[in-house]
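Engineer: Attaching a single structure in structure tokens format; questions to follow.
The values are calculated or read from the model by the stated rules, or taken from the named source; none is laboratory data. Please read all numbers here as calculations on a predicted model, not as lab measurements. Methodologically, a virtual Cβ is constructed for each residue, glycine included, from the backbone with ideal geometry; neighbour enumeration extends over all protein chains shown.
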Ligand code: MV4
């Protein structure tokens, strides 16, 4: 039984979790840094505790301070949200050993999936398709050369503790391997304190398609379909949709089954996401990573399934059984999300912190706004720059697209630059409208709209 939850996060996701708790009749405790004292989650929660100065490592990343806040407020459970401590196995362990329910997977699963080389091996054993590559981490550049020879170029080396693109290099030719291997290793060493790398065959401009899985503590696992997250900039997702325009029913079914089977065989429970690289040309998909948290883009799945994922995650953490079987999951219509960030798309998406002087995001049929921002809110340079998620639902993709455009046209945010104009451009792009995009879409689009240097100043 969970009666009171501490939310170890901030921003829109803290508010999203408070909303789920309130609907379940669970009391909430918000923790906040000095920069967030006047924020909506702090105002909305039943209680709040200041845990330190603005810098994340002194507040939202500080495990002892959060555990103290949990102790003095006498909560039964902690929800980590996404980012910050959500995939920190030590934090999950600290909760487990102090008798608190961690609203997430077992710390063991976080640790195993956090090591990308171990995750690959576990998924392979579970029967999930993986790309040809190294058996585990590479011993040295010698072994890298041998492995690359076996799988064939191009290959990619990735940091075992990576994800998000750091410590990663694509190698097209044998003569480049030694140099690029050393660069990836140095970058991984600096970022993660470990230079350990693994290798995979490199797929040219695949789609990023991920499957939402839900597993209870009684061994039952279902999947809730896919999200297409191929529209990314520097490994930051900007637009997500469900269903993916690229999948046919047979591939969709196989991908969902593979993901659910993977989660089951690793003894997973809670919400999880299995990310795949999908090669449209062949219709093949391959395991990339597993995210052991509630994700930013969870609302698109909520809108096509009608399931409140955060409530379900809390119920499962409390020991309840999954309320539905796989064949009872119903998918309805189409959903699209875009992330409205306080960034200036005209200036290379440079963060644009400051006070929001006016804030109106639209409503109306099929429009959902998940945001912690009101007029007068200050976007702090200390945290990520997301100000809102705009999520739409329609009977089909065309209706969802029209709703998204209508909602973006109504939106008005003053005081900071936002990504709204950028989104309006993407949603009117013929290739996006046709569902023809992959992980290379934004780079190609950016290149095409920049004036070639030799014609600059001409006219
Ligand atoms: C790849 C790949 C192609 N082949 N692995 C990027 C982030 C990290 N999580 C893994 N990434 C990739 N791994 C193989 N074997 C292409 C990418 C990739 C990518 C993946 C998903 C979404 C956007 C991306 C942008 C560039 C590269």
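Engineer: Suppose we filter 284, 210 for residues that are within 13 Å of the ligand (Cβ to nearest atom) and either crowded, with 18+ Cβ neighbours inside 10 Å or at pLDDT below 95 (or both); which single one remains? Break it down into steps so the answer makes sense when it comes.
Structural biologist: Numbers: 284 fails: either crowded, with 18+ Cβ neighbours inside 10 Å or at pLDDT below 95 (or both).
The conditions single out 210.
Engineer: Quick one: count up the residues across the stretch 28-46 that are farther than 19 Å from residue 384 by Cβ and either under 24 Å from the mean Cα position of the chain (by Cα) or buried (at least 18 other Cβ atoms within 10 Å of the Cβ) (or both). Outline the logic, then answer.
Structural biologist: Of the stretch 28-46, the ones farther than 19 Å from residue 384 by Cβ are 28-29, 43-46.
From the residues that got through so far, the ones that are either under 24 Å from the mean Cα position of the chain (by Cα) or buried (at least 18 other Cβ atoms within 10 Å of the Cβ) (or both) too are 28-29, 45.
Count: 3.
Engineer: Return yes when residue 112 is within 27 Å of residue 256 (Cβ to Cβ) and either within 16 Å of the ligand (Cβ to nearest atom) or under 19 Å from the mean Cα position of the chain (by Cα) (or both) and no when it is not.
Structural biologist: Yes; evaluated as a whole, the condition is true for this residue.
Engineer: Residue 129: within 30 Å of residue 316 (Cα to Cα), in contact (Cβ under 8 Å) with a residue 40 or more places away in the chain and buried (at least 17 other Cβ atoms within 10 Å of the Cβ), yes or no?
Structural biologist: Details: within 30 Å of residue 316 (Cα to Cα): yes; in contact (Cβ under 8 Å) with a residue 40 or more places away in the chain: yes; buried (at least 17 other Cβ atoms within 10 Å of the Cβ): no.
So residue 129 does not fit the description; no.
Engineer: Right, here's the next one. Taking the stretch 216-246 as the region of interest, how many residues are part of a strand (DSSP E or B) and either more than 16 Å from the ligand (Cβ to nearest atom) or closer than 15 Å to residue 304 by Cα (or both)?
Structural biologist: The number of residues fulfilling the criteria is 11.
Engineer: Among the candidates 166, 160, which residue alone is under 25 Å from the mean Cα position of the chain (by Cα) and surrounded by fewer than 17 Cβ atoms within 10 Å (Cβ to Cβ)?
Structural biologist: Unique residue meeting the criteria: 166.
Engineer: A follow-up question, please. Would you point out which residue out of 51, 7, 18, 2 is free of Cβ contacts under 8 Å to residues at least 24 places away in the same chain and under 16 Å from residue 79 (Cβ atoms)? Walk me through how you get there before you give the answer.
Structural biologist: Working: 7 fails: free of Cβ contacts under 8 Å to residues at least 24 places away in the same chain; 18 fails: free of Cβ contacts under 8 Å to residues at least 24 places away in the same chain; 2 fails: free of Cβ contacts under 8 Å to residues at least 24 places away in the same chain.
Selected residue: 51, the only one of 51, 7, 18, 2 that is free of Cβ contacts under 8 Å to residues at least 24 places away in the same chain and under 16 Å from residue 79 (Cβ atoms).
Engineer: Further question: Say whether the condition of being buried (at least 17 other Cβ atoms within 10 Å of the Cβ) and in a loop (DSSP other than H, G, I, E, B) is met by at least one residue in the stretch 106-114. It would help to see each step written out before you state the result.
Structural biologist: Narrowing the stretch 106-114 to residues buried (at least 17 other Cβ atoms within 10 Å of the Cβ): 106-107, 109-114.
Within this subset, residues satisfying the condition of being in a loop (DSSP other than H, G, I, E, B) are 106.
Checked against the condition, which is being buried (at least 17 other Cβ atoms within 10 Å of the Cβ) and in a loop (DSSP other than H, G, I, E, B), the stretch 106-114 yields at least one hit.
Engineer: Do we have residue 122 as within 22 Å of the chain's Cα centre (by Cα), in a strand (DSSP E or B) and touching a residue at least 24 places away in the same chain (Cβ under 8 Å) here?
Structural biologist: no
Engineer: Next question. Being more than 30 Å from residue 3 (Cβ to Cβ), touching a strand residue (DSSP E or B) at 6+ places or on another chain (Cβ under 6 Å) and not in a strand (DSSP E or B) narrows it down to one of 255, 288, so name that one.
Structural biologist: Working: 288 fails: not in a strand (DSSP E or B).
Only one candidate passes the filter, namely 255.
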